[in-house]
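A.B. asks: Take this structure, written in structure tokens, and hold onto it; I'll ask about it next.
Derivation of every value follows stated rules applied to the coordinates shown; laboratory data play no part. Note that this is a predicted model, so its numbers are computed, not measured. Ideal geometry is used to build each Cβ from the backbone, glycine not excepted, and the neighbour counts take in all protein chains shown.
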Amino acid sequence: SAAELLDPVGMANYVAANSFLEGLARRRRALGLRATCVAWGGWSDLGMAGKMSQSWERRWERRGIQGLDTYRSFDLLLRLIDAGPSVALVMQLDWHRFAATASADQRALFAPMLPKEESLSSKKVHSISVASLPAYPPRPLDGESDIASIVHRRALNILQLPEQSRLDPDMPLADLGFDSLMSLELRDVLATDLNTALPATLLFDHPTLSSLIPFVSAQVRDRYATS
């Protein structure tokens with residue numbers, strides 16, 4: 001899977017599995033045996049990518065990541081097996097959009113294929129990465145109201161809703177569109193914004209904003225009381 005190259009939250013298992021398979025393929029080739037390991041991007045109508053929610057489809061599209069055509073991918077697979085390298089990466093990308101949202105590590109990895117900076121500006125790509133948004137300073141925070149504003153705004157960012165939108169504080173975030181990966185993303189960005197460790201089960205234990213905000217506020221108070 002190409003997931004290991006896309007910085008997905010909560011998918012360290014993909015990195016471990018890919019590393020093993022890539023090492024196995026290289027080892028077999030070194031011994032003169034046949035082996036081909038392909039890290040695939042999402043296929044349009046097969047596998048997990050074909051079952052993604054609309055919110056995740058929009059997130060991938062915003063980053064320039066497009067679904068692979070099934071028949072074309074099978075044809076490419078046969079060509080890779082026949083005469084390709086031991087390890088290959090196959091993705092369908094809009095390089096301008098991908099470059100606009102890529103992390104520093106991704107830009108370094110894909111540098112030969114990324115468009116020049118001047119061409120990026122000429123294309124006027126309008127895309128926002130949550131990671132690129134300015135971090136809120138951990139101090140000073142004016143009590144729970146400031147924290148509530150940060151939590152609410154970050155939730156809207158991840159859901160890709162306008163900043164003026166209002167979320168029902170008593171409705172489970174899962175019903176508002178959050179899946180497990182988005183929940184981990186919210187936990188991570190809040191931990192960074194507030195400079196406070198938060199549990200991986202944060203949204204599982206506190207599934208609504210009305211329960212999440214008081215818990216996060218208490219964690220922040222404890223963090224600074226002991227610092």
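A.B. asks: Just the ratio, please: alpha-carbon radius of gyration of region 147-227 over 2.2 N^0.38 Å, N its number of residues. Please report the intermediate quantities before stating the final value.
C.D. replies: Details: Rg = 12.0 Å, N = 81, 2.2 N^0.38 = 11.7 Å.
Normalised Rg, Cα atoms only: 1.02.
A.B. asks: Could you run the Karplus curve 6.51 cos²θ - 1.76 cosθ + 1.60 with θ = phi - 60° over region 18-33 and give me ³J(HN,Hα) per residue in whole Hz, x for Gly and Pro?
C.D. replies: 4, 4, 5, 5, 5, x, 5, 5, 5, 5, 5, 4, 5, 8, x, 9
A.B. asks: Through the Karplus equation 6.51 cos²θ - 1.76 cosθ + 1.60, θ set to phi - 60°, convert the phi angles of region 159-170 into ³J(HN,Hα) values in whole Hz; use x for Gly and Pro.
C.D. replies: 7, 6, 9, x, 4, 7, 5, 10, 9, 5, x, 9
A.B. asks: Suppose the chain between Met113 and Ile81 were pulled fully straight at 0.36 nm per residue; how much longer would it get relative to their current alpha carbon spacing? Walk me through the intermediate numbers first.
C.D. replies: On the way: separation 32, 0.36 × 32 = 11.52 nm, distance 2.36 nm.
My answer for the length gained is 9.2 nm.
A.B. asks: Related question: Ranked highest first by the average count of other Cβ atoms within 10 Å around their residues, in what order do 182-188, 34-40, 93-99 fall?
C.D. replies: Values: 182-188: 21.0, 34-40: 17.0, 93-99: 19.3.
The densest-packed peptide leads the list: 182-188, 93-99, 34-40.
A.B. asks: Could you give each residue of region 86-97 its phi-based ³J(HN,Hα) in whole Hz, using Karplus coefficients 6.51, -1.76, 1.60 with θ = phi - 60°, and x for Gly or Pro?
C.D. replies: Karplus-based 3J(HN,Hα) across region 86-97 equals 5, 10, 9, 10, 10, 9, 10, 10, 8, 5, 5, 5 Hz.
A.B. asks: Which far-off residues, 5 or more places away or on another chain, put their amide H under 5 Å from the one on Ala39, with H placed in the peptide plane?
C.D. replies: Sorted by chain and number, the residues that satisfy this are Ala88, Leu89, Val90.
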